[in-house]
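Trainee: To start, I am sharing the structure in question, which I have written as C-alpha cells.
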Ligand code: FES
C-alpha cells in the first residue's frame, strides 16, 4: 500500500482501525475488509456503488464535501452520507448504521438501553 490512511470503523460497540490506500473509495474499502454498509436485503440488491440506491449510507467524520448530487442532498437534509460516493483522503472515522431490509436507518439505541 503506497500511502496508507487510518480508517476507524465503529460498528455498534466495536471500534476497529484499518489502513486504507489514500483516495480509496469508502464503500469498497469497508466491503473489502468485511464491514457491511447495507441492510439484509440491500446487501444483495444494491446499485453496486453507482450512487443510485442510497442504501450504503454511513456517518463519517470528518465529512468531506459532497461531489455527487445525491450525496449533496444528504448533506443538505442532514442524512447519512453515501459511502460509495466518498473517498478516504485523510484519517477518517466512519460509523456503520443499523438498517432495516433496504437502507432505512434504525433509531439509535442509547447506551443505557
Ligand atoms: S451503493 Fe447504491 S448509492 Fe451507494
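Trainee: Could you check the spin-label model distance between residue 68 and residue 89? Points 7 Å from the Cα along Cα→Cβ, value in nm.
Mentor: Using points 7 Å along Cα→Cβ, the separation is 1.6 nm.
Trainee: Quote the relative contact order of the chain in percent (integer), defining contacts as alpha-carbon pairs under 8 Å separated by 6+ residues.
Mentor: 35
Trainee: A further question on this structure: Which value at 222 nm does the chain reach when only helices count, each DSSP H run of 4 or more adding -39,500 (n - 2.57), with the total divided by all residues and rounded to the nearest 500 deg cm²/dmol?
Mentor: Working: 2 runs with 16 residues, N = 113.
Helix-only estimate at 222 nm: -4000 deg cm²/dmol.
Trainee: Okay, next question. Relative contact order (percent) for segment 48-90, with alpha-carbon contacts under 8 angstrom and 6 or more residues of separation? Write out the running numbers ahead of the final one.
Mentor: Values: 43 pairs, mean separation 21.3, N = 43.
Relative contact order comes out at 49 percent.
Trainee: Dimensions of segment 6-99 along principal axes (Cα, Å, largest first)?
Mentor: 29, 28, 22
Trainee: While we're looking at this one, here's another question. Could you tell me, in Å, what Rg and Dmax come out for the Cα atoms of segment 14-58?
Mentor: Using the Cα atoms of segment 14-58, the pair Rg, Dmax is 11.1, 30 Å.
Trainee: Of the candidates 43, 33, 22, which one comes out as most mobile in a Gaussian network treatment of the chain with C-alpha springs shorter than 10 Å?
Mentor: In this elastic network of the chain, the residue with the biggest mean-square fluctuation among 43, 33, 22 is 33.
Read-outs throughout are calculated quantities, based only on the coordinates presented, and are distinct from any laboratory measurement. Predicted model, so just to flag it, every value in this text is computed and none were measured. Please note: Cβ atoms are built from the backbone with ideal geometry, for glycine as well, and neighbour counts cover all protein chains shown.
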